[in-house]
Amino acid sequence: MVVNPKYKQVFVLSTAMLSFISFWKASAIVLCDFGSSAFYSGGIAMRAFGPAFPWFILGVMLFSGVMLGVYTESCIMFTRGGLYIVVREAMGKVMAKLSVSALLLDYTLTGPISSVAAGLYLGGLFDNILPLLHINWQVPSRAFAVIFALAVTGYFWRENIKGVEESADNNLKIVSFVAVVAVILIVWSGFTLYHRGFTLPPFTPVFTDEALGWTVHFPWLKAVGLVGIMMAFGHSVLALSGLETLAQVYREIEDPKIENLKKTVVIIFIFSILFTGLLTFISALIIPSDLIAGKYAENLLSGLALELHGPYWARLFMQMAVVLSGVLMLVGAVNTSFVGANGVLNRVADDGILHDWFRHLHKKYGTTHRLVNIIAITQILIILISRGDIYLLGQAYAFGVMWSLTFDTLSMIILRFKKRDEEREWMFPINIKAGNVYVPVGLFAILLVLLTATGLNMLTKKIATIGGVLFTTTFFTIFHISEKMNEKKAQLYAEDDESDEKMNLRREADISSVLPELTKDRCILVPVRNPNNLVHLASVLETVEDENTNIIVLSAKITSGIQIGGGEAMSDEDKDVFSAVVLLAEKYGKTVKPIFVFSNNPFYSMAQVAQAAGADEIVMGVSGSTGAEVQMERLAMAWGMLKKPDAPAKHVLARVVWEGRQMTYQLS
Amino acid sequence: MIRQPAGVSLSSLINPENIIFLDGKPSKEEAVRLLTEKILPRVSALISRKALFDRVAEVEKLNPVLESGFYIPHAKFPELDGFHAVLGILPEGFADPVTGLKVKAALLLLSPHKPAFFQRHLNILSLLSQTFQPELIEKLAALKDPAAVCSLITGK
C-alpha cells in the first residue's frame, strides 16, 4: 500500500481573473466603451456649437492619442492601477477619493448614455422600417429609448449579479463587425463625396446660449479665439470617455505585457481616428446641417447611412447595419459601465475606504451584489431623469471624463518628481533631464490644456457642474465615512466574520477536481509560502511559455492530523500569499492556477499535487530555516513515499531558486 | 517491483551484516544511538566517534519520521567517498514524539558531502521512502532473521 496523506480542504482561487488576453482583445474591450461615443458625440457637439463640430471631434480623437500616451506611462508604472491607485500614490488618499468619485460619474453615465443612444438609433430605424411593413405605430423616439435603456440596464443588472464576466471574445466580435460596417461606410461615403462633391465645414464654433452656460455672466469671457476653441473642445470631450478602461484591462494583457500595451494603444488610436473622428467628419460633409441639427441629431451615423448616394433599399440596409453595430457596441458599453464601476469600487474597497457592507458577496453567485445594485439603481434613475435626452446626458458626462483625465495627468507629473528613482520602461515624450528627474514638459502642456478645458467646462455646462459636484460629493462622503468606520473597526481589532468571502475562492474536497482544468502540454508546480519571497515564481513567470505550460502555484497550510472535513478557513496571511501571487502573475501577464491546501506536511502536498498533475518541474524558493539541501531531501523522501510502484517512468526536475542561484535535482 | 534509479541499488546498501533488531521499546534517541554504534566500525577510519555521534544527533532533530512510519536519519560527511547504511528493525516500535507515528523500521544513512554524490544521495532517500511502505514494514517487524529481512527488501 502506498501511503496517501489526504488534504483536509483544497481552496482554488478562481482562475477567471488570472487568464490573460491578447492585445486585440484588450483593444476590443476598450473600444467597446471608448469607440461607442462615435454614435452620439457628433450630434451633441453639433447642438452645442453648430456645424464646426466635426473639426473638434476629430481634434479630440487626435488628443486621445496624447491621453493614451499618459495612460500608457501610468499603466506601466502600476500593473493593477487605474485612476485611484495613480492619484493615491501621487497625492494621497483624499485626492484619490475625490478623483475616483468623479470617475464613478463617468462610469455611471456610460450606461445611461449608451443605452439611450442605442434606443434612439433603434427607434430611428423602426421609423423607417415599420411603414414599409404597413405597421403604423408611432412610438416617440425618446420614450422608446428610455424603455429600451431600462430593459438593457435591467438585463445587465441581472447578468452582473450573476457574475457573468465581460467576454473579451464577444467584444472582439463586436468591434470586428463594427469595423467592417465602418469600412463599408467610409468607402461608400467616398463614392458619395466623389459623386456629389463637398464643402468643408466651418471652423468657427457658434455657441447656443445654453452651451455658453454661466459664461454669459462674464462679458470679458468671449467665446471666440482660443477661448472659443477650448469651449468647443470641452463640449466635444465626452468622446474621450472610456480611457480608464485601458487601465482596468492592462492587468489582463498577456506577456509581453508592455509591448502588447503599446500595440493596444496604437490600435485604439487608429480605430478612434477612423471610426469616431473620420465618420463624424464625413457625416458633416454628406448630411445637410439642418438634418444634423434636426432629424439626425440623436442618430448621426444612421443619418450618414441614409444620406449616402444610392438606392433607398441599399441605404436602408446600410442603416440597419449601422444600427445593429451601434446597438451591439453601445449595449456592450453598458456592460462595461457595470463591470468598470464595480471594478473601481472593489479597488477602492481593497484600500479600506468602502465599508464592508458594500462588499458583501451574493450567497449564490459570489458577486458584490450591493455595489451592482447601487450602480443599476443610479443608472435607472439617471435614465428616467434624462427622459431620453441624449444632449442632457452628454453634458453631464463630460464632467467625469474631464476631471478623471486631469487628475491622472497631474498625478503622473507629480510621480515624476516623487518617484524619480523608479525606472520607467516608457515615458510620455518631451522631457528635460535635470539631475535625476525627467521634467515632464509634455505632460505639463497636456495638463494646461486639460485644466483650461475643465475650467471652461465647469462654467459652460451648468447641469454637468451641478450634477457632477453633487454626485462627486455624495460618493466622496460615502468613501470618507466608510474609511472612518473601517479605521474604528481596525482599532477595535474586531473579528471579521466574513473575511472568508472577500477573496474569490472555490472550495474543493480533493485536488482531483482541479486536474481537468490543466489542459496545457507542460506543467510546473511552484510552491509558495511567504508573500515576500516569490523570486522563484518570478523566475518561472519570466521564462515559461504561457501557451503550453500550466503553472500551479501551491500554498500549503500545515495542520495536524490528516482527516478530511475539518472545515478550516484561510487566514489573512494565507490570503496575502494569494494576493501577492496574483499581482505577480498580472505583472508578467501569465496565467497561473493558485491552489491552497491544508496538509499535514508541505512536501507531501508538493509531491502529491505534482504527481497527480503530471508536473514536469517543481520550482521552490529557498527556505531560510532549513536551506536548499534539506528542502531537496524532504522532497525526495516525500516523492518516493507517495510514488506508486506502477507509475510511468517520468523525469521531474526539482529546483530550488534564490537570488542569482539555483540547485537542481532530477526526481525519478 | 520498484524501479531503481540509475546508480542506486538497495542490495548495495542493505545486506544481512548491516541489519540489526532493536528489541524492547527503545526511544527515538536510543534507537538512533544504537544504529550509530552499529555503523561506527565501518567509518571509524575516516570519522571520529565524537564527530559521528554529534553529527547524527544533530540531524536526528532535523529528519522527520515519514508518514509511512519509516524513519531515515541521514547525515553527510565530507570524509566519505561512499554510502553506508544500517537498518534497524523494531518489532515493538517506538512512538515518534513529534508526530505520534509508530516507527518499526529505521535506517541510518551516511553519505558523502560532495556535490557529485548529492543526486545519488537524494535518489537513495527517494528509493528508501518508496520501498519502505507500511505493509512491508509490518512484514519486516515480524521477521527474526537479517537474511530474511534483506531478502524481503531486495527481492533476492
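Restricting to segment B:112-135, what's the tally of residues that are crowded, with 16+ Cβ neighbours inside 10 Å and within 9 Å of chain A (Cβ to nearest Cβ)?
16
From the list A:LEU285, A:LEU291, exactly one residue is hydrophobic (A, V, I, L, M, F, W, C), in contact (Cβ under 8 Å) with a residue 40 or more places away in the chain and at negative phi. Which is it? Steps first, please.
Values: A:LEU291 fails: in contact (Cβ under 8 Å) with a residue 40 or more places away in the chain.
Just a single option satisfies the conditions, and that option is A:LEU285.
Which one of A:LEU150, A:LEU120, A:LEU104, A:LEU125 is under 30 Å from A:ILE446 (Cα atoms) and either part of a helix (DSSP H, G or I) or not assigned by TED's automatic domain parsing to the domain that holds A:VAL348 (or both)?
Working: A:LEU150 fails: under 30 Å from A:ILE446 (Cα atoms); A:LEU120 fails: under 30 Å from A:ILE446 (Cα atoms); A:LEU125 fails: under 30 Å from A:ILE446 (Cα atoms).
Testing whether each residue is under 30 Å from A:ILE446 (Cα atoms) and either part of a helix (DSSP H, G or I) or not assigned by TED's automatic domain parsing to the domain that holds A:VAL348 (or both) leaves just A:LEU104.
Taking the conditions exactly as written (surrounded by fewer than 18 Cβ atoms within 10 Å (Cβ to Cβ), part of a helix (DSSP H, G or I) and either among the hydrophobic types (A, V, I, L, M, F, W, C) or assigned by TED's automatic domain parsing to the domain that holds A:SER236 (or both)), does A:ILE292 satisfy them or not? Show your work before the answer.
Details: surrounded by fewer than 18 Cβ atoms within 10 Å (Cβ to Cβ): no; part of a helix (DSSP H, G or I): yes; either among the hydrophobic types (A, V, I, L, M, F, W, C) or assigned by TED's automatic domain parsing to the domain that holds A:SER236 (or both): yes.
Here the answer is no, as A:ILE292 does not meet what is asked.
Here are some conditions: (1) surrounded by fewer than 23 Cβ atoms within 10 Å (Cβ to Cβ); (2) over 30 Å from A:GLY277 (Cβ atoms). A:THR368 meets all but one. Which one does it not meet?
Result: A:THR368 fails condition (1) only.
Answer yes or no: is there a residue in segment B:90-111 that is more than 9 Å from chain A (Cβ to nearest Cβ) and under 20 Å from A:ALA654 (Cβ atoms).
So far as segment B:90-111 goes, yes, one or more of its residues are more than 9 Å from chain A (Cβ to nearest Cβ) and under 20 Å from A:ALA654 (Cβ atoms).
Can you tell me which condition A:SER386 does not meet? The list is (1) surrounded by 16 or more Cβ atoms within 10 Å (Cβ to Cβ); (2) over 28 Å from A:TYR71 (Cβ atoms); (3) under 21 Å from the mean Cα position of the chain (by Cα), and all the others hold.
Here A:SER386 clears every test but (3).
Here are A:VAL216, A:VAL227, A:VAL237, A:VAL266: which of them is β-branched (Val, Ile, Thr) and crowded, with 19+ Cβ neighbours inside 10 Å?
Selected residue: A:VAL237, the only one of A:VAL216, A:VAL227, A:VAL237, A:VAL266 that is β-branched (Val, Ile, Thr) and crowded, with 19+ Cβ neighbours inside 10 Å.
Just to be sure before I move on: is A:VAL178 among the aliphatic types (A, V, I, L, M) and farther than 23 Å from A:MET46 by Cα in the structure I sent?
Considered against the rule, which asks whether it is among the aliphatic types (A, V, I, L, M) and farther than 23 Å from A:MET46 by Cα, A:VAL178 comes out as yes.
Working only within segment A:611-668, note down all residues that are farther than 24 Å from A:VAL535 by Cα, in contact with a Ser or Thr (Cβ under 8 Å, 6 or more places away or on another chain) and in contact (Cβ under 8 Å) with a residue 40 or more places away in the chain.
The answer is A:ALA612, A:MET641, A:LYS643.
Among the residues in segment A:414-430, are any surrounded by 19 or more Cβ atoms within 10 Å (Cβ to Cβ), aromatic (Phe, Trp, Tyr) and assigned by TED's automatic domain parsing to the domain that holds A:ARG158?
No, segment A:414-430 contains no residue that is surrounded by 19 or more Cβ atoms within 10 Å (Cβ to Cβ), aromatic (Phe, Trp, Tyr) and assigned by TED's automatic domain parsing to the domain that holds A:ARG158.
Kindly evaluate A:ALA556 against the criterion of being modelled with pLDDT of 85 or more and under 21 Å from A:VAL657 (Cβ atoms).
Answer is no for this residue.
Is it true that B:ALA105 is touching a residue at least 60 places away in the same chain (Cβ under 8 Å) and buried (at least 22 other Cβ atoms within 10 Å of the Cβ)?
Numbers: touching a residue at least 60 places away in the same chain (Cβ under 8 Å): no; buried (at least 22 other Cβ atoms within 10 Å of the Cβ): yes.
Criteria not met by B:ALA105.
So if I check each of A:PHE417, A:PHE407, which one is touching a residue at least 40 places away in the same chain (Cβ under 8 Å) and not hydroxyl-bearing (Ser, Thr, Tyr)?
Of the residues listed, the single one that is touching a residue at least 40 places away in the same chain (Cβ under 8 Å) and not hydroxyl-bearing (Ser, Thr, Tyr) is A:PHE407.
With the condition kept exactly as written, say whether any residue in segment A:179-201 is surrounded by 14 or more Cβ atoms within 10 Å (Cβ to Cβ) and either basic (Lys, Arg) or at pLDDT below 90 (or both).
No: zero hits.
Any idea which residue in segment A:153-178 is nearest to the chain's Cα centre (by Cα), counting only those that are outside any helix (DSSP H, G or I) and free of Cβ contacts under 8 Å to residues at least 40 places away in the same chain?
By that ranking, first place goes to A:SER167.
As an exercise: evaluate A:THR208 against (1) surrounded by fewer than 14 Cβ atoms within 10 Å (Cβ to Cβ); (2) within 33 Å of the chain's Cα centre (by Cα); (3) not small (Gly, Ala, Ser) and give the number of the one condition it does not meet.
Of everything listed in (1) surrounded by fewer than 14 Cβ atoms within 10 Å (Cβ to Cβ); (2) within 33 Å of the chain's Cα centre (by Cα); (3) not small (Gly, Ala, Ser), A:THR208 misses just condition (2).
B:ILE153 passes all but one of (1) within 12 Å of chain A (Cβ to nearest Cβ); (2) in contact (Cβ under 8 Å) with a residue 60 or more places away in the chain; (3) not aromatic (Phe, Trp, Tyr); which number fails?
Every condition holds for B:ILE153 apart from (1).
I'm trying to understand the selection: among the residues of segment A:593-621, which are of a type in the set (Val, Ile, Thr) and within 18 Å of A:MET641 (Cα to Cα)?
Result: A:VAL609, A:ILE618.
Of all residues in segment A:454-463, how many are closer than 15 Å to A:ALA48 by Cα and under 26 Å from the mean Cα position of the chain (by Cα)?
1
Could you list, in sequence order, all residues of segment A:483-525 that are at pLDDT 80 or above and not assigned by TED's automatic domain parsing to the domain that holds A:ILE595?
A:GLU483, A:LYS484, A:MET485
When only residues in segment B:63-88 that are touching a Lys or Arg at 6+ places or on another chain (Cβ under 7 Å) and within 22 Å of B:GLN133 (Cβ to Cβ) count, which is farthest from the other protein chains (Cβ to nearest Cβ)?
B:VAL86
The values are calculated or read from the model by the stated rules, or taken from the named source; none is laboratory data. Keep in mind it's a predicted model, so treat the numbers as computed, not measured. Don't worry about glycine lacking a Cβ; one is built from the backbone with ideal geometry, like all the others, and counts go over all protein chains shown.
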